[in-house]
């Protein structure tokens with residue numbers, strides 16, 4: 001199995017519908033051992049059964065904005081695993097009003113919170129775990145097309161994802177000296193707990209499905225398999241990359257459409273397919 005003997009930490013898994021779950025499942029199926037974190041007691045009840053599902057008894061409380069939690073994490077990892085071979089950062093947050101109001105109305109406080117939780121936490125987490133990260137460790141975070149491109153209602157999270165992708169590149173250079181790799185996956189829209197906060201998310205799903213080359217949305221299983229590749233030795237020569245798993249939607253500049261005699265607009269390739 002590809003991940004046999006590998007040990008890792010999954011940060012930010014919320015439930016069995018999340019992208020982090022898909023990643024953990026793919027890694028487990030390929031032989032990896034994992035530890036998990038939970039934000040609070042409410043989420044602990046969800047994470048513990050998932051950990052057991054993946055044959056793990058290691059579940060740690062971790063609020064990435066809590067300095068005490070961050071300081072104590074490495075000691076827990078060292079006690080349970082010695083060191084880890086991979087780290088998955090699946091953490092993002094912005095106050096509700098920063099997603100519902102126009103971007104230009106974003107408050108300084110909301111902007112700071114979004115950047116701290118969604119971006120700086122990757123740097124802070126990696127630094128906190130420096131003593132237990134293997135020399136050839138692979139670090140993976142999660143982005144979205146709303147970083148490099150405008151996506152309606154994504155607002156401050158788009159700016160945060162742009163900063164996150166830049167952070168991946170800078171970290172990749174500095175950690176590459178040690179032999180450690182840093183990459184991001186930019187997944188297409190998926191119905192997750194995090195996505196529930198994005199306005200008109202159903203429209204985003206429908207648009208992606210209608211316009212992506214593969215004419216479908218992606219699943220957490222598909223994203224998980226790609227993540228497993230990046231975390232494994234199969235990707236030992238890959239770092240600083242943003243890997244898209246979105247049925248190809250990111251390559252599109254404009255969908256080709258045509259009208260029939262009734263002025264009904266359809267996609268050109270749909271007509272050709274028939």
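Here the Gaussian network model covers the chain, with springs between Cα atoms less than 10 Å apart; of 82, 237, 188, 237 fluctuates the most. Taking only Cα atoms and a 10 Å spring cutoff, compute GNM fluctuations for the chain and point out the largest among 262, 183, 206. The residue with the greatest mean-square fluctuation here is 262. The DSSP beta bridges internal to the chain are antiparallel in roughly 10% of cases.
The C-alpha atoms of the chain define a longest principal axis, and helix 156-176 lies at about 50 degrees to it. For the range 151-180, the residues whose amide N sits under 17 Å from a probe point set 7 Å from the Cα of residue 252 along the beta carbon direction are 151-153. Relative to the dominant Cα principal axis of the chain, helix 19-29 is inclined by about 60°. Relative to the longest principal axis of the Cα atoms of the chain, the long axis of helix 201-211 lies at roughly 70 degrees. Comparing mean-square fluctuations of 41, 135, 55 from a GNM of the chain with C-alpha springs under 10 Å, the top value falls on 41.
Calculated from the structure at hand, semi-axes √(5λ) of the Cα gyration tensor in Å is found among (1) 33, 22, 18; (2) 38, 22, 16; (3) 47, 20, 13 as (1). Using C-alpha pairs below 8 Å separated by at least 6 residues, the relative contact order for the range 119-181 is 40 percent.
Note: relative contact order over the chain, using C-alpha pairs below 8 Å and six or more positions apart, is 19 percent.
For the chain, adding -39500 (n - 2.57) for each run of n ≥ 4 DSSP H residues and dividing by the number of residues yields -12000 deg cm²/dmol at 222 nm.
Every read-out reported here was derived from the displayed coordinates using simple, explicitly stated rules and does not represent laboratory data. What you are looking at is a predicted structure, and each value in this text was computed from that prediction instead of being measured. For neighbour counting, all protein chains shown are included, and Cβ atoms are generated from backbone atoms with ideal geometry for every residue, glycine included.
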